[in-house]
Amino acid sequence: MPSESFGGALDVVGLRSDFPALQQEHHPGVPLVYLDNAATTQKPNVVIEAMSDYYRRYNANVHRGIHKLSEEATAAYENARVVLKRFINAASKREIIFTRGTTEGINLVAQTWGRTSLNAGDVVLLTEMEHHSNIVPWQMLAAERRLRLRYTPLRTDGALDMDAFRRLLQEEPVKLVGFMFVSNVLGTVNPAQEMIRLAHEAGAVVVVDAAQAVPHQSIDVQALDCDFLVFSGHKMLGPTGSGVLYGKRALLEAMPPWMGGGDMISRVGFERSEWNELPYKFEAGTPSIAEAIGLGAAVEYLNRVTMAAIHHYEQEIIAYALERLSEVPGLHLVTPEHTPHGAVATFTLQGIHAHDVAQVLDAHGIAIRAGHHCAMPLHERLGLNATARASFYFYNTLEEVDRLVAGIYAAKQTFSV
Ligand code: 7TS
């Protein structure tokens with residue numbers, strides 16, 4: 001059992017009261033246990049209110065109207081950018097591009113930096129654990145520009161094979177290294193700083209998929225020295241349709257825009273146009289204004305809780321969850337227990353399909369995800385069709401871990417295994 005100091009400085013019960021969705025009963029008399037946080041997190045009142053306040057009080061387009069509402073909307077939108085800049089310690093707010101999420105951020109890098117910097121025969125080095133969003137955009141570009149995709153393999157313990165990574169970087173020139181900071185399936189935390197250093201030594205540009213990292217630990221893009229880093233607002237208490245592409249200013253300055261339209265230009269003629277300065281060059285059209293404001297409010301909330309306390313608490317809860325799960329007969333943990341991992345517990349249950357496990361758990365009020373979690377190549381490599389995944393956030397409790405385990409025993413009973 002965890003020590004009495006479990007939770008440390010975090011008042012989890014108090015924090016939970018900030019989340020309306022966590023107050024509900026899943027079925028009459030059965031409180032919801034929400035363990036699908038790697039897919040998306042619940043939203044605190046401050047986020048919902050910040051968005052509703054924008055719509056109720058100062059709804060207007062940004063960067064254009066010379067009227068009070070538009071000025072207020074622009075100020076709130078740009079303030080969110082500053083909040084995000086500080087959150088990941090970017091050198092300038094011009095390096096913060098608002099996107100709809102991680103997927104859009106990676107596609108933007110592929111379609112702008114990639115299309116101008118990668119040529120036939122160039123190597124893009126990814127890893128075998130990537131989410132589809134860090135594979136498919138590169139496959140699409142590879143087909144168009146005849147690039148070669150290579151993948152750093154996993155070790156049997158679920159960690160990335162760093163020897164192979166070094167070898168792949170040395171075997172032949174690599175133009176781009178793309179990798180996830182934290183795996184959404186394994187939970188594995190990759191040695192990002194070391195990988196970035198090695199990639200730079202080999203002359204590669206690095207894009208980090210930090211979708212599962214930024215919500216759970218403090219991130220400093222300058223200390224990491226990554227060239228690009230992307231994440232989604234909805235996995236860190238913010239709204240769907242919000243996210244950030246961070247890029248080093250010199251790279252962003254040199255990149256052509258992706259989408260054309262309003263706001264991203266400084267001058268438009270019938271024949272040609274000139275681009276706006278950063279970050280607007282990459283934010284064509286009316287942006288997701290309420291979403292950016294909501295994401296700013298989410299980050300301010302996270303700052304109040306502190307990322308250090310969140311990380312510490314999550315490490316305790318995941319250790320407890322893995323310990324309890326590993327005691328269940330017939331349960332195979334896909335999340336490696338002995339490599340650094342985030343707040344994700346992925347497993348299979350002997351004799352029961354992951355979807356059936358999820359269905360029985362749902363009947364007990366417990367929301368998890370089952371399937372391939374948008375990482376089909378990883379599942380193929382692991383020799384698994386589907387896995388069940390419980391993913392935690394700082395508002396989850398030990399009691400919820402216990403209910404998860406009880407639900408798994410119920411599933412075993414239902415299927416008599
Ligand atoms: N990268 C990682 C590591 C992810 O976990 C996800 C979403 C994405 C990229 C894509 O993010 P999006 O916001 O652009 O969709 N992962 C999951 C998941 O594990 N379950 O549902 C979504």
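The values are calculated or read from the model by the stated rules, or taken from the named source; none is laboratory data. The structure presented is a predicted model; accordingly, all values stated were derived computationally and were not measured. All Cβ positions, even for glycine, are placed from backbone atoms using ideal geometry, and neighbour counts span all protein chains on display. To get the accessible areas, we keep the full protein, side chains included, count just its heavy atoms, and leave off ligands, DNA and RNA. Shrake-Rupley method; radii C 1.70, N 1.55, O 1.52, S 1.80 Å.
Quick notes on this one:
- DSSP finds beta bridges in region 165-265, and of those with both partners inside it, around 45 percent are antiparallel.
- Charge dipole of region 220-272 about the Cα centre (unit charges at C-beta), most positive-ward option of F270, L251, L229: F270
- Based on DSSP H segments of at least four residues, each scored -39500 (n - 2.57), the chain has a per-residue ellipticity at 222 nm of -11500 deg cm²/dmol.
- Of the whole protein surface, R16 contributes about 40 Å² of accessible area at a 1.4 Å probe radius.
- Amide hydrogen neighbours beyond the local backbone of H341, cut-off 5 Å, H modeled: V189
- Taking the Cα centre of the chain as reference, the dipole from Cβ charges on Lys and Arg (+1) and Asp and Glu (-1) amounts to some 1000 debye.
- Cα gyration tensor, the chain - rounded (a/c under 1.5), prolate or oblate: oblate
- Counting only DSSP beta bridges with both residues in the chain, the antiparallel share comes to about 60 percent.
- The residue among A298, G285, A76 whose Cα reaches farthest toward the positive pole of the charge dipole of the chain, with charges on the beta-carbon of Lys, Arg, Asp and Glu, is G285.
- Burial ranking of peptide ranges 29-42, 220-233 (average Cβ count within 10 Å, highest at the top): 220-233, 29-42
- The chain: Lys pairs at Cα distance under 14 angstrom, eight or more positions apart or on different chains: 5
- Computed over protein heavy atoms with a 1.4 angstrom probe, the accessible surface ordering of K281, K68, K93, largest first, is K68, K93, K281.
- Listed peptides 107-114, 245-252 by packing density, highest first (mean Cβ within 10 Å): 107-114, 245-252
- FRET efficiency for A250 and A386, using Cβ-Cβ distance with R0 set to 51 Å, rounded to 0.05: 0.75
- Take region 49-304 with all the other protein chains still there, run a 1.4 Å probe, and you get 40 Å² of accessible area per residue.
- Charge context of T102, other residues only, Cβ under 12 angstrom, K/R +1, D/E -1: -1
- Apolar share of the accessible surface for the chain: 51 percent from carbon plus sulfur atoms, 1.4 Å probe.
- Given charges at Cβ of Lys, Arg, Asp, Glu: the chain dipole, positive-most of P191, L331, A309: P191
- Gyration tensor verdict on region 1-137 (Cα atoms; rounded if a/c is under 1.5, prolate if a/b is larger than b/c, oblate otherwise): oblate
- Region 112-121 - phi-based ³J(HN,Hα) in whole Hz, Karplus 6.51/-1.76/1.60, Gly and Pro as x: 10, 4, x, 5, 9, 10, 10, 10, 3, x
- With K and R counted +1 and D and E -1, the other residues having a Cβ less than 11 Å from that of P256 yield a net charge of +1.
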